[in-house]
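Accompanying notes for the structure given below.
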There are 2 protein chains.
Amino acid sequence: MNALMTPDELEAALRAVGAARYHDKHPFHVLLHGGKLTVDQVRAWALNRYYYQSRIPLKDAALLARLEDPALRRAWRQRIVDHDGEHEGDGGIERWLRLTDALGFGRDEVAAGRGVLPATRFAVDAYVRFVAEKPLLEAIASSLTEMFAPGIIANRVAGMLANYDFVSKEALAYFDKRLTQAPRDADFALDYVKRNARRPDQQQAVIAALTFKCDVLWAQLDALYLAYVAPGLPAPGAWTP
Amino acid sequence: MNALMTPDELEAALRAVGAARYHDKHPFHVLLHGGKLTVDQVRAWALNRYYYQSRIPLKDAALLARLEDPALRRAWRQRIVDHDGEHEGDGGIERWLRLTDALGFGRDEVAAGRGVLPATRFAVDAYVRFVAEKPLLEAIASSLTEMFAPGIIANRVAGMLANYDFVSKEALAYFDKRLTQAPRDADFALDYVKRNARRPDQQQAVIAALTFKCDVLWAQLDALYLAYVAPGLPAPGAWTP
């Protein structure tokens, strides 16, 4: 049986999950940030990652629909505002589309998810379902990969701007916003989890939820790597350069 | 808009999906059947595929729970009997465990799914959810990969027995049974689909359901290929030889 951890010990255990499994360690990200990818490989990443982006507000709405406390709902709904914007042309999804614009995709093609790898869909859909169906504590804990996001984002923007002449600072506007949004969201969720995971089984479930989410992110890069880096085996129907 | 097909034209369209996308064309299967895999690569396949096998009766039970016609339920429940057996030590799942036994895994380890690739879970769980949630016609159509199974199974058994001295005919008993079960199941489902897909949109949905299922099978082999063949990148926590 696992011992009860203090809230700070739980936080340390969660940070250890990130250190071992967060997708900044994935070879695809190492290549992406190091400027080692071709424009077509970056395109494949942006196209597939759009599917993930497009599902985040659905995931957050599924969570919102289960929060009985108005204060919690007020805090969580900001995530949906961040992604969907205050008006047409605003928000994280719009900013991601500016990246796919810059990479030469048509918006209809991207929005329809044409050519997205099946493995991307399976992983992302598993995340949405997890949040919709698991106990609230685990659903919230699965968002904690945000704790590790600022480091990877700073790295990504610097690496991509330095190495890819087909990517401009404007095309990466999505990430600028996330540099402030992600820590705010992560602080909130971490605080919630530390206060509410009070039994050993709950603490283990929280760690498992974060591990699951790391798997979701990792699997998306696995699929990109197989299809577009090595051995170069896009699934039937997947986008090809 | 798509034109209405005759039932036989629909069948031909479904067979065309299999010809283009069924996983017998996947490089991992080509290696498996051609005797080109190491024992550890075959182990990884058997371990991950067990997760798929273990979910099939859950998928069929989810479908059974939605069939309002007793005759349909009687026909479909046979699939659950085939997998779970008439008694302890009988059934397809038990026969799959004889294969993992022969490959040196402990049954507890296999049954717990320890080391299964996250991408395997995401793909398989997507299939179970599809069958539980989509219109009945599509749920049934997604089983139609069985139409293409006898060819691959005959090939697999012959290829594995000829090429791997660590695999015996007894360890492959699962596939002997499937040689008769799969065509019976496929005939039933194909007949159902041909009789019930009477509008062009239904026919397209049926084709899409089979395409989806081919993606589910393909993605499982993609994950095995990436992790255990090339470049050899098992996800964190995945089984390693």
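The values are calculated or read from the model by the stated rules, or taken from the named source; none is laboratory data. Here the structure is a predicted model, which is why all the values come from computation and not from measurement. Every residue, glycine as well, gets a Cβ built from its backbone with ideal geometry; the counts of neighbours run over all protein chains shown.
Got at least one residue in the range B:70-80 being crowded, with 16+ Cβ neighbours inside 10 Å, in contact (Cβ under 8 Å) with a residue 12 or more places away in the chain, within 29 Å of A:Asp215 (Cα to Cα) and not polar (S, T, N, Q)?
Looking through the range B:70-80, none of the residues is crowded, with 16+ Cβ neighbours inside 10 Å, in contact (Cβ under 8 Å) with a residue 12 or more places away in the chain, within 29 Å of A:Asp215 (Cα to Cα) and not polar (S, T, N, Q).
Only one of (1) in a loop (DSSP other than H, G, I, E, B); (2) modelled with pLDDT of 95 or more is not met by B:Ala139, so which one is it?
(1)
Has the range A:175-182 got at least one residue that is more than 14 Å from chain B (Cβ to nearest Cβ), assigned to a helix (DSSP H, G or I) and of a type in the set (Ser, Thr, Tyr)?
The answer is yes; a qualifying residue exists.
Anything in the range A:126-185 that is of a type in the set (Lys, Arg) and touching a Ser or Thr at 6+ places or on another chain (Cβ under 9 Å)? List them, or say none.
Within the range A:126-185, just A:Lys134 meets the criteria.
All but one of (1) within 14 Å of chain A (Cβ to nearest Cβ); (2) in contact with a Pro (Cβ under 8 Å, 6 or more places away or on another chain) hold for B:Phe28; which doesn't?
Checking B:Phe28 against (1) within 14 Å of chain A (Cβ to nearest Cβ); (2) in contact with a Pro (Cβ under 8 Å, 6 or more places away or on another chain), the one that fails is (2).
Just to be sure, is A:Leu190 more than 14 Å from chain B (Cβ to nearest Cβ), hydrophobic (A, V, I, L, M, F, W, C), touching a Leu at 6+ places or on another chain (Cβ under 7 Å) and in contact (Cβ under 8 Å) with a residue 40 or more places away in the chain?
yes
Inspect the range A:100-114 for any residue being touching an Asp or Glu at 6+ places or on another chain (Cβ under 9 Å), farther than 27 Å from B:Thr211 by Cβ and acidic (Asp, Glu) and give the result as yes or no.
Checked against the condition, which is being touching an Asp or Glu at 6+ places or on another chain (Cβ under 9 Å), farther than 27 Å from B:Thr211 by Cβ and acidic (Asp, Glu), the range A:100-114 yields no hits at all.
Could you please let me know if A:Arg21 is out of contact with any Phe, Trp or Tyr (no Cβ under 9 Å at 6 or more places or on another chain), crowded, with 20+ Cβ neighbours inside 10 Å, under 16 Å from A:Glu146 (Cβ atoms) and not small (Gly, Ala, Ser)?
no
Of the residues B:Ala223, B:Ala235, B:Ala132, B:Ala209, which is part of a loop (DSSP other than H, G, I, E, B), modelled with pLDDT of 95 or more, within 14 Å of chain A (Cβ to nearest Cβ) and in contact with a helix residue (DSSP H, G or I) (Cβ under 6 Å, 6 or more places away or on another chain)?
Result of the check over B:Ala223, B:Ala235, B:Ala132, B:Ala209: B:Ala235.
Look at B:Ala158 and say whether it is surrounded by fewer than 17 Cβ atoms within 10 Å (Cβ to Cβ), within 14 Å of another protein chain (Cβ to nearest Cβ) and either in a helix (DSSP H, G or I) or at pLDDT below 95 (or both).
no
Can you spot a residue in the range A:30-42 that is on the phi > 0 side of the Ramachandran plot and either small (Gly, Ala, Ser) or surrounded by 19 or more Cβ atoms within 10 Å (Cβ to Cβ) (or both)?
Yes, the range A:30-42 contains at least one residue that is on the phi > 0 side of the Ramachandran plot and either small (Gly, Ala, Ser) or surrounded by 19 or more Cβ atoms within 10 Å (Cβ to Cβ) (or both).
Given the structure, is B:Arg49 free of Cβ contacts under 8 Å to residues at least 40 places away in the same chain and either surrounded by fewer than 18 Cβ atoms within 10 Å (Cβ to Cβ) or under 22 Å from B:Ala230 (Cβ atoms) (or both)?
No, not satisfied.
Just checking, does the range A:81-104 include any residue being assigned to a loop (DSSP other than H, G, I, E, B) and either in contact (Cβ under 8 Å) with a residue 24 or more places away in the chain or hydrophobic (A, V, I, L, M, F, W, C) (or both)?
Yes, the range A:81-104 contains at least one residue that is assigned to a loop (DSSP other than H, G, I, E, B) and either in contact (Cβ under 8 Å) with a residue 24 or more places away in the chain or hydrophobic (A, V, I, L, M, F, W, C) (or both).
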